[in-house]
Number of protein chains: 2
Amino acid sequence: MADAERKLNNGKSRIDFQADPSKYRHWKLNVDGDVATLLMDVDEKGTLFEGYELKLNSYDLGVDIELADAIERLRFEHPQVKVILLRSGKPRVFCAGANIRMLAGASHAHKVNFCKFTNETRNGIEDASEASGLFTICVINGTAAGGGYELALAADHIMLIDDGSSAVSLPELPLLAVLPGTGGLTRVTDKRKVRRDRADVFCTTEEGIKGKRAVDWRLVDEVVPASKLEDAVAKRAREFAAKSQRPPTGKGILLRPLTRERSADAVEYSTIAVEFDRPARLATVTLRGPQAAPPASAEAMVEQGAEFWPLKLARELDDAILDIRANEFDVAAIVFKSSGDPAQVLAYDQFLEANKEHWLAREIRGFWKRVLKRVDLTSRSLVALVEPGSCFAGTLAELVFASDRSYMLIGKRDGDNKPPATLALATVNFGAYPMSNGLSRLASRFLADPTDLDRAKAAAGETLDAEAAERLGLVTFALDDIDWEDEIRVFLEERASFSADGLTGLEANLRFGGPETMESKIFARLTAWQNWIFQRPNAVGEEGALKRYGTGQKPAFDTRRV
Amino acid sequence: MADAERKLNNGKSRIDFQADPSKYRHWKLNVDGDVATLLMDVDEKGTLFEGYELKLNSYDLGVDIELADAIERLRFEHPQVKVILLRSGKPRVFCAGANIRMLAGASHAHKVNFCKFTNETRNGIEDASEASGLFTICVINGTAAGGGYELALAADHIMLIDDGSSAVSLPELPLLAVLPGTGGLTRVTDKRKVRRDRADVFCTTEEGIKGKRAVDWRLVDEVVPASKLEDAVAKRAREFAAKSQRPPTGKGILLRPLTRERSADAVEYSTIAVEFDRPARLATVTLRGPQAAPPASAEAMVEQGAEFWPLKLARELDDAILDIRANEFDVAAIVFKSSGDPAQVLAYDQFLEANKEHWLAREIRGFWKRVLKRVDLTSRSLVALVEPGSCFAGTLAELVFASDRSYMLIGKRDGDNKPPATLALATVNFGAYPMSNGLSRLASRFLADPTDLDRAKAAAGETLDAEAAERLGLVTFALDDIDWEDEIRVFLEERASFSADGLTGLEANLRFGGPETMESKIFARLTAWQNWIFQRPNAVGEEGALKRYGTGQKPAFDTRRV
């Protein structure tokens, strides 16, 4: 189910994105005061799929799921940590990058999803630095090749041992005929700002670059002799820690395992229900509003921990989206619904706003930001249905604005005593959750005329009925009960009838109007070219480089430049 | 040769990008004072390839070559024209877009090149508006579907007849499972700034949108009843003409046919020589410096007309690049060389700078800007070899900065009395020729540290030897005579050995660091996704939508979302 061409290991039928530090197979997380060491020590046998081994600290999606989990836990469970030392547990190798045999045998869909998730994880490392002052120092003691160097690129500071052999490299193009796809090219040009011709040399030199040239070319921040490495690492860690605004002390909260019950056509979480209508190729995600008022204080929020409604919902939504992405390729559209009391949702938004300087409130908002970005980047049609009894207010309204289309029912339904659908905006809709293009979803929506954004701002706090929401441009269509069923049915049937690839490309363009950032460039320019290359025979054909790597046979290329 | 799967019409073996208004088959250009009417009236039989007919004003690359030619001629031959009325010569149809049978039968390489050239032509229409005050008003009297509406999107103002049936549409996704690829999606979101959910509705509605909704949704600027159309068009033309800064009167210059002699492995132009080394998969383009000093005055420049060295060189370079792109798919790298007196090249740059308010000087610089953008977007490795006797100064130095790598020889060659290689910068290198990302090539090169750009500016006017150029970061490597031959040979052999597709993707990323603009988004985000879709079976497979369109058989889709 997860991947037609490959079997998941240990008889599993789905890729699971939840991880538990006590069961990590590839990472060792050691927290010592305000410095955490995240040691990459990949278990060769601990593969996600059958058919390959993870030699030389190479990775597959399973390794990255643990890494993403570790970064999140450092944010929530260890708020006092200010610096992550990203290191290798293997001698003479930092990381050999994405496992080539895994890639060579993966379906196109898995390759694309693998790259997307690993990019999100790298962005998460950068977000921890920017948003939380949780800095990463990458210590390269050996070879950092391909995805290994791309992982280093996510760090704030890259240290390379100066031992005459350790080097950084992006050998994907010469060795495999593909691009360094986990943000590599974009981070080289836009983050490290390596001069473009030097980047060209670097990305076409299999053996990579080491020593002083690696510093001169901006590929690493410093090279350090082996004898001085530990002292230098400790010194850098102290320097970065001194710059951090994270709380000096602080008890974290435990990210307990999610409540999750799966049946054939549904997944029941605590605050979310996912229903699959497989003949119609739909997944309906219903978000449930809070059952109780917000806690009385920030301390009470910490006490609730992972049970605190906004955090629980965000974690469950994240898992649901990842599950659909990786395991439900046949889902054409995700339909967002909600149920609950909009006033309660807004009360939680107000609570978080009032406590926004508190470390946990900040982390929860940051987590929502990342989950919503994950939604934006999900290659399924996104539809919001705003119906009686729903609670699309504040943070939850972002799902309406993240959707490709939204429909809102006017008034009550015949024979239904639920209150008419409403929509409500809050401060949080105007900047707390930027998209990867740097704009809020509403600013992206109202690119044409800033006064539309002003009108929406002026309506913040109001309870908007369907006609008011439509007038303000907040929903695509307001429909009455007579038209509702037919319109929605016809639309969803039509959507499922279109080309899956065509829709992916269409949505990837229409969702991101306006400016681009390094992050959006990674998912557009770099990813789109990589997806193209992942289809080309020079890479993936029987005689292509990815298939022939390690066989002793040279690849045979179609030499035509397109 | 041009297209393995299709035969060119009339026994031709190459696609020719030169056109002659007296032989246009698809466009009628009528100039009346300051208003030109460009009437699209496609000759069904006048196809570029065999095997299809251009019904309903649909187009192929041949139609677009004439359009691009007409726009250039309006800039040079008719400097007094301020407004172009883009209209259809056919009843009830404006333009049906790219011909589907042509697309369905085209090779992947031709599809990609077709989209690239048509995008450049649309950008050229917009550039005429921004840079020259030559505005375009599109008058849609009938159906503007797909590429037909995309053509309209390039205009400054779109008028749609309000006759109850005329509509604009982007039906590519529902009908053909591909994207509107000629800038369509990007212009809808970033130029017209259509709200993203409305754009979603529009791009999935085969029949398109007409009347008031087309205005409300920002798809067109106005709808006009048939009875009032001609008056309204005349009124708008007067309004736009009043805003134009083009010279009120002015004799144009004639863009005479290029001097071009082709042999098996070479093309000899007047100011350029192209040599093909087919076993090595190289095209060497040698640019020749001017033979004489610049003319004494702007009037004398007008007198020289198309013989004026900077214009002649730009036109010939443009043709050479287009010829390689469309006809020489097996060329892996374009090697730029030059020969001549750098002081003379700089003298021409100074002449144009001194006369930059003159309409012709402005047009020539604008033309160079577009040609250099064309070079940036050429999917061949670009290499500059700066050797003794070369004249890479000012404008010509831009080709060094457009290259993926540049090599400069230190000192003289043994037994060669040519003067050592030099490089020289001029004002023109710091803003006259922005790339599609909005930055000069040097600003793009020095993203990391603005003081590098300042150092380069301070060196403007100096004659830089190889070591000085390398120190300033202007060339990739300065090599001495002992290493030169081997280094260059090994590099070019290696380049030709890499995957053609991998290089295309690599260069498309490394060349465009930093910001993105609408124009760069068209060539990155939109084009890259479209190229991916152009490989996907849902579009191009035997059961795909592009292949099955018009057969009466429905396409069969792989429903998996990737």
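The values are calculated or read from the model by the stated rules, or taken from the named source; none is laboratory data. The structure presented is a predicted model; accordingly, all values stated were derived computationally and were not measured. With ideal geometry, Cβ positions are generated from the backbone for all residues, glycine too; neighbour counts draw on all protein chains shown. The area values use the complete protein model at the heavy-atom level, side chains included, leaving out ligands, DNA and RNA. Shrake-Rupley method; radii C 1.70, N 1.55, O 1.52, S 1.80 Å.
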Could you tell me the relative contact order of region B:371-480? Use alpha-carbon pairs under 8 Å, at least six residues apart, and round to a whole percent. 30 percent
Heavy-atom accessible area per residue of chain A, all protein chains kept, 1.4 Å probe, expressed in Å², is 35 Å²
Could you point to the residue in A:46, A:204, A:224 farthest towards the positive end of chain A's charge dipole, with +1 and -1 charges on the Cβ of Lys/Arg and Asp/Glu respectively? A:224
Relative to the isolated chain, which residues of region A:326-348 have their accessible area cut by 30 Å² or more in the presence of all protein chains (1.4 Å probe, heavy atoms, no ligands or nucleic acids)? A:329, A:330
On C-alpha positions alone, give me the angle between the axis of helix B:61-76 and the longest principal axis of chain B, in degrees, nearest 10. 70 degrees
For B:166-178, what's the mean count of beta carbons from other chains sitting within 10 Å of each residue's beta carbon? 2
With the 8 Å Cα cutoff and a minimum separation of six or more residues, chain B has a relative contact order in percent of 12 percent
The set of residues whose placed amide H lies less than 5 Å from the amide H of residue B:478, leaving out same-chain residues fewer than 5 positions away, is B:408
So for each of A:46-53, A:371-378, B:115-122, A:16-23 I average, over its residues, the number of other beta carbons within 10 Å; can you give me the resulting order with the highest mean first? B:115-122, A:371-378, A:46-53, A:16-23
Here the correct list, in nm and shortest first, of distances from residue A:279 to the same site in the other copies, label points 7 Å along Cα→Cβ, is 6.7
Suppose R0 equals 35 Å; then what is the FRET efficiency for residue A:418 and residue B:212 from their Cβ-Cβ distance, rounded to the nearest 0.05? 0.50
How far is helix B:500-510 tilted, in degrees, relative to the longest principal axis of the Cα atoms in chain B, given as a value from 0 to 90 rounded to the nearest 10? 80 degrees
Mind listing, in residue-number order, the residues in region B:437-473 that have at least 50 Å² less accessible area with every protein chain present than in their own chain alone (1.4 Å probe)? B:445, B:448
Using protein heavy atoms only (no ligands, DNA or RNA), what is the total accessible area buried between A and B, 1.4 Å probe, nearest 100 Å²? 8300 Å²
For region B:302-402, which GluC sites (Glu not before Pro) are in a loop by DSSP, counting at most 11 other Cβ atoms within 10 Å? B:357
Test item: B:186-198 mean partner chain Cβ contacts at 10 Å: 6
Ascending list, in nanometres, of distances separating the residue A:44 label from those of the other copies (7 Å, Cα toward Cβ): 6.9
If you fit an axis through the alpha-carbon atoms of helix A:359-376 and take the longest principal axis of the Cα set of chain A, what angle between them do you get, 0 to 90°, nearest 10? 90 degrees
What residues of region B:509-527 lose no less than 50 Å² of accessible area with every protein chain in place versus their chain by itself (probe 1.4 Å, heavy atoms only)? B:509, B:510, B:516, B:521, B:525
What part of the accessible area of the protein assembly as shown, given as a whole %, is carbon or sulfur when the probe is 1.4 angstrom? 49 percent
Straight-line reach from residue A:45: which lysines have a Cα under 18 Å away, not including same-chain ones fewer than 8 places off? A:7, A:12, A:23, A:28, A:55, A:90
Kindly state, to the nearest 0.05, the FRET efficiency for residue A:245 paired with residue A:25, given R0 = 30 Å and r defined as their beta-carbon distance. 0.35
For residue B:353, label point 7 Å along C-beta direction: distances to other copies, nm: 5.5
